[in-house]
Amino acid sequence: MSTIAERLDHVRATLPEGVTLVAVSKFHPAEAIAEAYAAGQRCFGESRAAELTAKAAALPADICWHFIGHLQTNKVRPVVAVASLIHSIDSERLLRAVDTEARRAGRRADILLQLHVAREETKFGFTPAELTGLVASGILEELTGVRVRGVMGMASNVDDEERIAADFTEIASAFRTLKESYFASDSTFDTISMGMSHDYPLAVSLGATMVRVGSYIFGDRG
Ligand SMILES: *Cc1c(COP(=O)(O)O)cnc(C)c1O
């Protein structure tokens, strides 16, 4: 059996420079994160507010925590307090709630807008057209508590590589459309978060600048 450190090394060795690895530690204990930390990993992804808060309190302060799960508006406060990037802004209501909380806390929250391109019906997020409409509405100019760093998305959960590639292409293309139309002069709009354990190499080849890899590094979540 390989170790967490060995699997981390493998993932890092396959990522081009400039692609950030978020090690998705959700449902794994703090000891597993400490092992990855000892191997040099600093960015970790969590999907539940309570778990994020507990782990952040127990682990070193220089970890950057990424929130990647569906976020309910009543859990915004603890997540804004701890997360360095929230990947999963999937509605205007949540966007406004994060903005309000960040301003209340005297902060600016870095966020990604979540796209829904996969075929599954239960996935959260904006369609590319909804996202363009939202940004075109000018809403971001009012929301001084958030800084939009880019987009996040997931490919369909299928074996068909062409389907997965088409989904990643759609996410990257939505990013480019937004970049050219609304963020051309904003160098902080720079992030395409896509790719998980089974599909991250394909995501990287199609433009991902950030990948979210969990089970490959930490094992099954049981
Ligand atoms: C759990 C999760 C991941 C990691 O998935 P793995 O298949 O374990 O690599 C990535 N992104 C999101 C949004 C997740 O919820």
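No lab work stands behind these numbers, since they all come straight from the coordinates. Fair warning: this is a prediction, and the values are worked out from it, not measured in the lab. Don't worry about glycine lacking a Cβ; one is built from the backbone with ideal geometry, like all the others, and counts go over all protein chains shown.
In table form, for the structure just shown:
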read-out	value
Dipole magnitude (debye, nearest 20) for segment 36-135, charges at Cβ of Lys, Arg, Asp, Glu	300 debye
Cα convex hull volume per residue for segment 78-128 (Å³)	79 Å³
Between segment 108-144 and segment 1-63, the alpha-carbon center distance in angstrom	27 Å
Which of Cys43, Cys64 has the fewest Cβ neighbours within 10 Å, and the rest in rising order	Cys64, Cys43
Furthest towards positive pole of dipole, Val24, Ala61, Thr73, structure part segment 1-94, Cβ charges	Thr73
Fewest-first ranking of His70, His10, His28, using other Cβ atoms within 10 Å as the exposure measure	His10, His70, His28
Label-zone membership for segment 37-79, site Ile139, 7 angstrom Cα→C-beta point, backbone N under 16 Å	71-73
Mean ellipticity per residue at 222 nm, deg cm²/dmol - from DSSP H runs of n ≥ 4 across the chain, formula -39500 (n - 2.57)	-12500 deg cm²/dmol
Global geometry of segment 85-166, whether rounded, prolate or oblate, following the gyration tensor of its Cα atoms and the 1.5 cut on a/c	prolate
Distance in nm between pseudo-label sites at Ala54 and Arg163 (7 Å out along the Cβ direction from Cα)	3.5 nm
Percent of alpha-carbon pairs separated by more than 14 Å within segment 148-208	51 percent
Estimated distance in nm for a label pair at Arg77 and Asp62, the labels positioned 7 Å out from Cα along Cα-to-Cβ	3.2 nm
Dipole in debye (nearest 20) - segment 120-222, about Cα centre, beta carbon charges: Lys, Arg +1; Asp, Glu -1	380 debye
Exposure proxy ranking, count of Cβ atoms within 10 Å, fewest first, for Asp110, Asp167, Asp9	Asp9, Asp110, Asp167
Quarter of Cα convex hull surface for segment 1-138, i.e. mean projection, nm²	10.3 nm²
Dipole magnitude (debye, nearest 20) for the chain, charges at Cβ of Lys, Arg, Asp, Glu	820 debye
Average Cα contact separation per residue, the chain, under 8 Å, 6 or more apart, as relative contact order %	19 percent
